[in-house]
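To start, the structure under review is shown below, and the notes come after it.
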Amino acid sequence: MAVSTRRILHGAITDITNNINLEDELHCDTFSHAFIEGGGHDTRRPSLVRNNPFASTAVLNRLNDQGSILSKFLLATDEKGCDDRDGKPSCWSRLKACFASPGSMDSMDACWCSLMLEPMESRSVRVIMLGEAYALFGALFLNCTWILYEYGSVKGYGDTDEDALVNHVFEAVMALAIMCNTFLALNGMTLWVLSILQSESSQQWVFTVRGMLSLCLNLVTITVVLDFIGMVLAVYSNLSPRWPETIICFVVAAILHISWNRTLGDILVTSMPLEFYHTPLAHKLSTNPASVLTKKGRQKLQTDARARAEELKQRAYQRRGAIDPNQTQQAAFGDEGRQYPCVGIGSLLRGAASRLGKSEHDVTSYEARLAEDWIEEVSQLRGMSVDFLARYMPWALANEVHGSLMGGGSGEAQS
């Protein structure tokens, strides 16, 4: 009886395994197959967006929309900064006008727009890492906040005869720091979990969670500022009236904070000038005031921001194998040899194949056929009909390539 039962179970397990392996082969899923067989197989999670025919169109549609957040981020709109035409401008409006950044979004959401321009496979992983980083930083930094609270609180190591006003202010500041720190960890954990569930299946996930990302960034900034204020108050409570030691600690704390803030500001202005350009005025003044208060700094920031905007825009089109329609229209009146400086024929073909749902198809043979006739630049394809391109590649791919060259929809509609 036991032998028969074992044989039945073994046969059932074998049938289930064979069925799963067959389904894996039909759906090109190597994860389940490797998990069942064990051993040294590649058990990485397959990407959900690898064969998604719409993975390359969502960002391109937003780039072509002049009212979208990406167009504003890339300084493609005609906005000219602050302009108060209804009545007298407020004092804050006049102050902002003195340091106006034409076309600036004045929002922390701009920090994540460059991530929106990345391919879906890349941004789905990075947003998970961002949630993980915020959650871990919030949880670990809470220990630092609590140690600082115990150090400066009269209920911890403080003296009973210390200044009551200073102690009350310290208690309030550290209470706010603990709350911000706790909710930073909570928001980071929420972003982490939701991104694991949705980032690979939602094309606009970064756009959807940009508010939570900005909230986490603001909570980090507020927590650091509150902890610094609490540190100063804690030093004063514990060291005063021993003024030499107190003054030395104040100076060291100020040097550390200013050096960190200045280094951070230099990094942002150098490596992320466009993102920094779009941040609110208060953030610019607190991080890198020279880029706002001086005319030379404002001009340099605006020039670097526009250069980075053009770089990000061309990279976004290049990675998707598409042509910037605005560049195409401008190039029609200029030098034809410089129409497509950033996109190669291979990238153009791969992007067109991806939009047709054939991202796994090898297009190098079509590129080689074009190269045999000395067609090695995208600019050489301009003006060619769909039927002519179909001599080198399938007709559907030729139609999509023609549509990309025309800067619009399908080539058939453009013919």
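Annotations for the structure displayed:
- Residue match in segment 61-82 (condition: touching a Gly at 6+ places or on another chain (Cβ under 6 Å), at pLDDT 85 or above, farther than 30 Å from A234 by Cβ and open to solvent by less than 30 Å² (accessible area, probe 1.4 Å)): no
- Search result, residues across segment 290-302 that are among the hydroxyl-bearing types (S, T, Y) and either modelled with pLDDT of 90 or more or not in a helix (DSSP H, G or I) (or both): T294
- Test: residue in segment 398-406 that is open to solvent by 40 Å² or more (accessible area, probe 1.4 Å) and modelled with pLDDT of 80 or more: no
- Listed by position, the helices (runs of 4 or more DSSP H) enclosed by segment 187-272 that each have at least 1 residues that are open to solvent by less than 70 Å² (accessible area, probe 1.4 Å) and within 27 Å of K155 (Cβ to Cβ) are 210-239, 243-271.
- Cβ-Cβ under 6 Å pairs, at least 6 apart or on other chains, segment 371-391 side under 15 Å from G346 (Cβ atoms) and touching a residue at least 24 places away in the same chain (Cβ under 8 Å), far side aliphatic (A, V, I, L, M) and part of a loop (DSSP other than H, G, I, E, B): V378/V343
- Qualifying residue in segment 315-335 (condition: open to solvent by 50 Å² or more (accessible area, probe 1.4 Å), modelled with pLDDT of 80 or more and not polar (S, T, N, Q)): yes
- Segment 83-120, subset among the aliphatic types (A, V, I, L, M) and at pLDDT below 85, residue least open to solvent (accessible area, probe 1.4 Å): M120
- Matching residues in segment 307-317 - criterion: being farther than 17 Å from Q66 by Cβ and among the basic types (K, R): R308, R315
The values are calculated or read from the model by the stated rules, or taken from the named source; none is laboratory data. Only a predicted model underlies this, so the values are computations on that prediction, with no experimental measurement involved. Every residue, glycine as well, gets a Cβ built from its backbone with ideal geometry; the counts of neighbours run over all protein chains shown. The area values use the complete protein model at the heavy-atom level, side chains included, leaving out ligands, DNA and RNA. Shrake-Rupley method; radii C 1.70, N 1.55, O 1.52, S 1.80 Å.
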